[in-house]
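Nothing in this text is a laboratory measurement; each read-out follows from the coordinates by a stated rule. The model shown is predicted, which means the values in this text are computed figures rather than measured ones. Note: ideal-geometry Cβ built from the backbone for every residue, glycine included; neighbour counts use all protein chains shown.
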Amino acid sequence: MHALIETHRDALLALARRRGVTGVRVFGSMSRGDDSESSDVDLLVTLAPGTSALALGGLLLDAQELLGRRVDVVTEASLHPALRQRVVASAVPL
């Protein structure tokens, strides 16, 4: 996993917990190690029961501020069916 993610792992998980997110996985270039300076951070998350989808936006903003990069936050259900299996298989838990 990318050093940026490793460095901020605990803080990122704390932000997620505060927003009602119970699981955080990294996918895409940051998990594969083929990222560049302009790469975003892709997070696949699991929401706790009863957590509003608005929590995703809050986590996105919090994570962008923490990491200093663009962040995408998605749930399994929000992924396009053609991509879901590949994303889930490649996602690395924090």
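Relative to the present Cα-Cα distance, how much length would full extension add between R70 and A3 at 0.36 nm per residue of separation? Could the numbers behind the result be given before it?
Details: separation 67, 0.36 × 67 = 24.12 nm, distance 1.60 nm.
Full extension from R70 to A3 adds 22.5 nm.
Which values of log₁₀ I(q)/I(0), to two decimal places, follow from the Debye formula for the range 3-93 at q = 0.11, 0.13, 0.21 Å⁻¹ with a uniform point scatterer at every Cα?
The Cα Debye sum returns log10 ratios of -0.27, -0.39, -1.04.
³J(HN,Hα) across the range 50-63 via Karplus (A = 6.51, B = -1.76, C = 1.60, θ = phi - 60°), whole Hz, x for Gly/Pro?
Karplus values, whole Hz, x for Gly and Pro: x, 7, 6, 5, 4, 4, 4, x, x, 5, 4, 5, 4, 5.
For the residue pair S38 and R18, what label-to-label distance in nm results when each label sits 7 Å from Cα along the Cα-to-beta-carbon direction?
Spacing of the two 7 Å Cα→Cβ label points: 3.2 nm.
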